[in-house]
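The values are calculated or read from the model by the stated rules, or taken from the named source; none is laboratory data. Just so it is clear, the model here is predicted, and its values are computed rather than measured. Note that each Cβ is placed from the backbone with ideal geometry, even for glycine, and that neighbours are counted across all protein chains shown. What goes into the accessible areas is simple: the full protein's heavy atoms, side chains included, and nothing from ligands, DNA or RNA. Shrake-Rupley method; radii C 1.70, N 1.55, O 1.52, S 1.80 Å.
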Amino acid sequence: RAKADGKNLYRFFDAAMNTLSDQRFVLLKDLRKAVKKDELRLYYQPKVNLHTGELVGAEALVRWQHPERGLLTPVDFIELAEETGQIVDIGNWVLREACKQCKAWHLAGHENLEIAVNLSSVQFTRGTLEKEVVKALTQAGLEGCHLELELTESLLLGDAENVRCQLSDLRRHGVSFSIDDFGTGYSNLGYLSKFHLESLKIDQSFVRKMLDSKQDLNIIIAIINIANSLGLATVAEGIEDALELERLTELGCDLGQGYYWSKPLAAEAFSELIQRINGSVTHLADHAPKAR
Ligand code: C2E
Ligand code: MG
Ligand code: MG
Ligand code: MG
């Protein structure tokens with residue numbers, strides 16, 4: 001009896017595993033065609049200067065409009081795209097689209113807006129990143145100083161010399177760099193002074209807990225201190241309510257993003273938003289479509 005159960009259990013797992021790899025396989029096949037079939041979309045989340053209340057720009061966040069599964073978020077496909085190298089094509093598309101969109105805002109009269117783009121460490125393995133960034137900027141007619149590239153901590157801790165070279169090549173075109181999800185990665189902070197960085201983005205997990213947990217609040221304070229002493233700006237991610245915003249502003253955090261102002265928006269919705277608020281986010285929270 002036990003044996004039979006074991007066999008059934010095995011069959012069950014076997015079937016489950018097959019289904020899983022089948023799903024991955026199908027998704028992978030679809031993902032290969034996603035760029036060509038024009039199924040990727042960029043959403044834009046406002047970035048706010050906490051000192052002045054001004055809108056400074058947006059972070060571009062990729063989505064996949066899957067023909068059968070609907071709008072997929074990065075959690076559904078970025079890991080697969082990184083494992084298979086598809087992230088390089090996707091990332092290049094994101095760079096081009098984001099630069100084009102930022103230029104469109106400039107042409108619509110919002111010349112100061114900046115665009116932030118997330119990079120995967122896989123995009124540094126081909127040696128073609130600089131060329132792709134320059135292509136995206138040139139095609140869009142956008143100056144490099146309006147583009148910020150978001151890097152992961154693990155990238156800077158990996159093949160540091162190779163990455164440092166690529167970053168300094170990119171820097172010559174005026175682009176800047178920030179570290180995403182700061183505080184969740186490694187405790188070795190020595191790398192921070194080795195790279196020319198603009199800002200640290202405080203991971204939203206700390207912001208989420210800062211009002212209830214003294215420890216998480218202290219981590220935020222520590223990150224702001226590190227950033228200040230290295231001359232870097234701080235960006236708080238995932239601000240959802242007024243009290244979090246108030247505390248972070250008091251602590252001297254420079255910039256913020258979060259559902260408090262707006263969830264990520266499709267290009268048209270973001271453009272409407274900037275027309276309405278005309279540069280100031282003082283009332284953005286009242287105007288923005290509500291979160292989720
Ligand atoms: P991230 O770069 O840290 O982006 C912030 C994520 O937090 C976004 O999720 C955003 O929608 C979400 N978020 C923003 N404000 C709030 C808030 O107030 N509350 C909560 N709960 N969430 C908030 P999203 O768009 O699902 O992206 C997830 C991750 O996928 C990103 O994290 C980034 O690491 C990655 N990703 C997104 N777009 C790209 C891309 O074009 N290339 C690469 N390589 N990765 C990307
Ligand atoms: Mg990011
Ligand atoms: Mg983040
Ligand atoms: Mg993240």
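For region 145-159, taking the residues that are within 16 Å of ligand 3 (Cβ to nearest atom) and in a helix (DSSP H, G or I), the one that is most open to solvent (accessible area, probe 1.4 Å) is identified as Ser154.
Filtering region 57-71 to residues that are over 19 Å from Leu151 (Cα atoms) and surrounded by 20 or more Cβ atoms within 10 Å (Cβ to Cβ) leaves only Trp64.
Looking for whichever is open to solvent by less than 60 Å² (accessible area, probe 1.4 Å), at positive phi, part of a loop (DSSP other than H, G, I, E, B) and away from ligand 2 (no atom under 14 Å from the Cβ) here; the options are Gly252, Gly238, Gly258. Which one fits? Being open to solvent by less than 60 Å² (accessible area, probe 1.4 Å), at positive phi, part of a loop (DSSP other than H, G, I, E, B) and away from ligand 2 (no atom under 14 Å from the Cβ) holds for just one of Gly252, Gly238, Gly258, which is Gly252.
Restricting the search to region 37-63, which residues are charged (D, E, K, R) and more than 15 Å from Glu237 (Cα to Cα)? Result: Lys37, Asp38, Glu39, Arg41, Glu54, Arg63. Screening Gly231, Gly238 for residues that are within 16 Å of ligand 4 (Cβ to nearest atom), out of contact with any Pro (no Cβ under 6 Å at 6 or more places or on another chain) and either under 30 Å from Arg172 (Cβ atoms) or of a type outside the set (Phe, Trp, Tyr) (or both) leaves exactly one candidate, Gly238.
Taking the numbered list (1) under 20 Å from Ala116 (Cβ atoms); (2) of a type outside the set (Ser, Thr, Tyr); (3) within 15 Å of ligand 1 (Cβ to nearest atom) in turn, Glu244 passes all entries but (1).
Any chance you could count how many residues in region 263-282 are crowded, with 18+ Cβ neighbours inside 10 Å and more than 16 Å from ligand 3 (Cβ to nearest atom)? Qualifying residue count for the region: 7.
Being open to solvent by 30 Å² or more (accessible area, probe 1.4 Å), at pLDDT below 95, touching a Ser or Thr at 6+ places or on another chain (Cβ under 7 Å) and not in a helix (DSSP H, G or I) is a condition met by no residue of region 18-41.
Taking region 73-132 only, how many residues are within 16 Å of ligand 4 (Cβ to nearest atom), over 19 Å from Leu170 (Cα atoms) and open to solvent by 50 Å² or more (accessible area, probe 1.4 Å)? Final tally of qualifying residues: 5. When Lys290 is tested against (1) modelled with pLDDT of 95 or more; (2) closer than 27 Å to Leu40 by Cβ; (3) surrounded by fewer than 20 Cβ atoms within 10 Å (Cβ to Cβ); (4) not aliphatic (A, V, I, L, M), just one condition goes unmet, and that condition is (1). Against the conditions (1) assigned to a loop (DSSP other than H, G, I, E, B); (2) at pLDDT below 95; (3) open to solvent by less than 40 Å² (accessible area, probe 1.4 Å), where does Leu142 fall short? Just the number, please. So the condition that Leu142 fails would be (2). Scanning region 160-185 for residues that are among the acidic types (Asp, Glu) and exposed (fewer than 14 other Cβ atoms within 10 Å of the Cβ) turns up just one, Glu161. Counting the residues of region 120-139 that are more than 16 Å from ligand 1 (Cβ to nearest atom) and part of a helix (DSSP H, G or I) gives 7.
Checking each residue in region 186-222 for being touching a residue at least 24 places away in the same chain (Cβ under 8 Å), open to solvent by 30 Å² or more (accessible area, probe 1.4 Å) and part of a loop (DSSP other than H, G, I, E, B) picks out Tyr186, Asn188, Leu189, Lys194, His196, Glu198, Leu211.
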